[in-house]
Structures are given as structure tokens and as C-alpha cells.
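The values are calculated or read from the model by the stated rules, or taken from the named source; none is laboratory data. From a predicted model like this one, the values you see are computed outputs, not experimental measurements. Counting neighbours? That spans all protein chains shown, and the Cβs are built from the backbone with ideal geometry, glycine included.
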Amino acid sequence: MALLQAGVPTGLEAVDGNVEAVETNPLVSLKTDSRLDGKAALSFGYLTEQDEYVVMVRKGDGGYRRKSYPADDTVVYEDADADAARVEVVDQHVVIRETHEFPIVGEWTRDRRELSKREIRMHVPKGSIVQGEYDFQ
């Protein structure tokens with residue numbers, strides 16, 4: 001006969017997951033000059049040779065600042081209008097159900113919310129992130 005220690009989990013089970021945006025920054029569109037053809041274009045950012053997305057985000061005081069995001073952790077969605085372009089830092093959570101068994105008392109179950117993944121999501125108009133380095137003007 002096996003004895004159970006009080007409070008020792010007897011089972012862990014993934015129950016449900018959810019996603020929440022923990023930070024959202026609106027993007028600024030700026031004119032860029034292409035080094036390849038010399039034409040000016042509007043862009044919401046660019047991908048550098050160091051595999052970083054460089055974008056300009058709006059600040060609360062009406063100004064803007066340059067921000068970099070690693071390409072490995074960033075997913076780009078070409079699904080936004082120019083006014084709705086944004087970068088979201090998104091946390092994905094999973095709920096873990098823990099079942100404990102106590103002698104005499106029986107089972108006790110609790111749900112624990114755990115961070116499973118953090119992802120950066122860029123929502124921009126189609127074709128507005130360019131490859132290669134550009135100068136913001």
C-alpha cells in the first residue's frame with residue numbers, strides 16, 4: 001500500500017489558455033528614401049540586417065521615439081489601416097489545474113494561471129514594413 005504525503009500534487013492538467021495585450025503602442029508612418037531606386041515612400045518601419053524591426057512609436061506628449069523589436073519574437077500582420085497601425089506585446093497564458101490528495105480529507109483542486117509565451121505583434125498596412133535600412137526624415 002502506497003502512502004501519499006499531505007499536499008503532494010497527484011495530477012497536473014492544462015485546462016484552458018487565454019491571450020492578453022499587456023502593452024500597445026501606436027505606430028507613426030514616416031517618409032523614407034530607398035537606397036535602391038531613390039524613390040520616397042511611406043513606411044511604418046524597416047527590418048535591419050541584425051534581424052530587428054525598427055519602428056517609430058507615438059508618445060503621450062505628441063512626439064515619437066524609435067523602438068526596436070527582435071524579429072525572432074515578432075509576428076507582422078498586414079491587417080491594419082494607417083491610423084490603426086500598432087505594436088502589441090501579447091502574453092499567452094495557460095491555466096493549469098492541480099489536483100492534490102490529502103489523507104482522510106480527500107482531493108483538493110486549484111487552477112493556476114501560468115505565462116506560456118510572450119509575443120510581439122505588429123499590425124500594419126500591407127507592404128509598409130520594408131527590408132533593409134532606411135533613414136527616417
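Overview of values
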| quantity | calculated |
| --- | --- |
| Boolean, residue 118 is at pLDDT 85 or above and not in a helix (DSSP H, G or I) | yes |
| Whichever residue in the stretch 28-65 is in contact with a strand residue (DSSP E or B) (Cβ under 9 Å, 6 or more places away or on another chain) and among the charged types (D, E, K, R) and, among such residues, is modelled with the lowest pLDDT | 39 |
| Filtered residues of the stretch 73-104 (kept if of a type in the set (Gly, Ala, Ser) and assigned to a loop (DSSP other than H, G, I, E, B)) | 80, 85 |
| Enumeration of residues in the stretch 97-131 that are touching a strand residue (DSSP E or B) at 6+ places or on another chain (Cβ under 8 Å), under 22 Å from residue 82 (Cα atoms) and exposed (fewer than 13 other Cβ atoms within 10 Å of the Cβ) | 131 |
